[in-house]
Amino acid sequence: MMTIEGNVSALAVFMIINSITPGPNNLMLLQGGLKRGYWGCRWHMLGISFGVVIMLWLSYWGMASFVVEHPTLMQIIKIVGTGYLLWLAYHMAKSDFAQIVTLAFESKSLNVGNKQRFGELPLSFWEAVLFQWLNPKAWTMTVVAPTLAILTSNLFAAQLGQFKFGLNNWPLLIMCMAINLICISFWSAGGQQLRRLVTKPLTMRYVHAFIVLMVVYCAVTLWF
């Protein structure tokens with residue numbers, strides 16, 4: 001017998017697993033946290049969570065079904081998403097990360113703002129929102145999650161006897177956004193903790209190389 005509590009729990013667990021496990025968003029936040037610190041990633045994190053919630057909301061109205069019925073669209077998303085991740089990995093690989101972190105520390109102490117090019121980490125709010133549309137992991141989340149949410153909404157509405165599609169989705173969207181934001185914040189915090197390695201250039205290079213390889217790995221695994 002299905003219950004509201006059971007479906008809400010299933011949706012929450014699904015969001016936690018998909019939000020906290022390694023993926024393009026989290027690796028970008030790890031790199032961003034290492035580069036600019038936790039607070040420097042605030043708009044990137046908010047953009048990710050807002051973008052995911054917008055996609056979830058649109059999926060309730062049929063976007064998920066449309067994507068499933070048109071696999072060519074997902075292929076295009078994979079191609080563009082892979083291209084961006086490989087471009088990002090290339091620019092990460094050729095950068096002197098110890099120097100970048102040192103300059104970030106210096107500019108913070110001098111209250112100097114750091115301008116960055118489009119697509120550089122951490123992303124701005126709207127860049128992070130837009131990236132979700134190129135992130136196959138975000139698409140996977142938005143294709144599956146609405147099923148759990150609609151089941152929950154139907155159960156809740158059946159008890160009230162007044163169901164309208166979408167009427168009861170906003171509490172679930174808020175819950176999903178909160179879960180996603182909390183989970184991804186751990187990766188930004190982890191990046192900030194790694195900043196202490198700036199005094200150990202060799203270790204920093206190994207960490208930097210590992211993150212770059214993981215970004216390439218994510219780009220490749222989009223096709224498996």
Across the range 57-81, the tally of residues that are of a type in the set (A, V, I, L, M, F, W, C) and closer than 22 Å to Cys218 by Cα stands at 8
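Could you identify the single residue in Leu123, Leu88 that is among the hydrophobic types (A, V, I, L, M, F, W, C), at pLDDT 75 or above and under 26 Å from Pro201 (Cβ atoms)?
Details: Leu123 fails: under 26 Å from Pro201 (Cβ atoms).
After ruling out the rest, the residue left standing is Leu88.
Matching residues to (1) modelled with pLDDT of 90 or more; (2) touching a Pro at 6+ places or on another chain (Cβ under 7 Å); (3) among the hydrophobic types (A, V, I, L, M, F, W, C):
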{"residue": "Met141", "(1), (2), (3)": "no, no, yes"}
{"residue": "Thr147", "(1), (2), (3)": "no, no, no"}
{"residue": "Ala158", "(1), (2), (3)": "no, no, yes"}
{"residue": "Phe163", "(1), (2), (3)": "no, no, yes"}
{"residue": "Asn168", "(1), (2), (3)": "no, no, no"}
{"residue": "Ala178", "(1), (2), (3)": "yes, no, yes"}
{"residue": "Thr203", "(1), (2), (3)": "no, no, no"}
{"residue": "Ile211", "(1), (2), (3)": "no, no, yes"}
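Taking the range 68-98 on its own, how many of its residues are of a type in the set (Val, Ile, Thr), within 20 Å of Val144 (Cβ to Cβ) and buried (at least 17 other Cβ atoms within 10 Å of the Cβ)?
Going residue by residue through the range 68-98, those that are of a type in the set (Val, Ile, Thr) are 68, 72, 76-77, 79-80, 82.
From the residues that got through so far, the ones that are within 20 Å of Val144 (Cβ to Cβ) too are 68, 77.
Right, trim to buried (at least 17 other Cβ atoms within 10 Å of the Cβ) and you get 77.
Counting residues in the range 68-98 that are of a type in the set (Val, Ile, Thr), within 20 Å of Val144 (Cβ to Cβ) and buried (at least 17 other Cβ atoms within 10 Å of the Cβ) gives 1.
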Here the residues within the range 167-193 that are crowded, with 18+ Cβ neighbours inside 10 Å and among the aromatic types (Phe, Trp, Tyr) are Trp187
When the range 35-72 is checked residue by residue, the ones that are of a type outside the set (A, V, I, L, M) and under 20 Å from Leu11 (Cα atoms) are Ser49, Phe50, Gly51, Trp57, Ser59, Tyr60, Trp61, Gly62, Ser65
Those residues of the range 194-208 which are surrounded by fewer than 19 Cβ atoms within 10 Å (Cβ to Cβ) and either among the acidic types (Asp, Glu) or without any contact (Cβ under 8 Å) to a residue 24 or more places away in the chain (or both) amount to Arg196, Thr199, Lys200, Leu202, Thr203, Tyr206
Only unsatisfied item for Ile54, checking (1) modelled with pLDDT under 80; (2) farther than 20 Å from Leu222 by Cβ; (3) surrounded by fewer than 18 Cβ atoms within 10 Å (Cβ to Cβ); (4) β-branched (Val, Ile, Thr), is (1)
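The values are calculated or read from the model by the stated rules, or taken from the named source; none is laboratory data. It should be emphasised that the depicted structure is a prediction, and the values quoted were computed from it without experimental measurement. Using ideal geometry, Cβ is built from the backbone for each residue, glycine included, and neighbour counts are taken over all protein chains shown.
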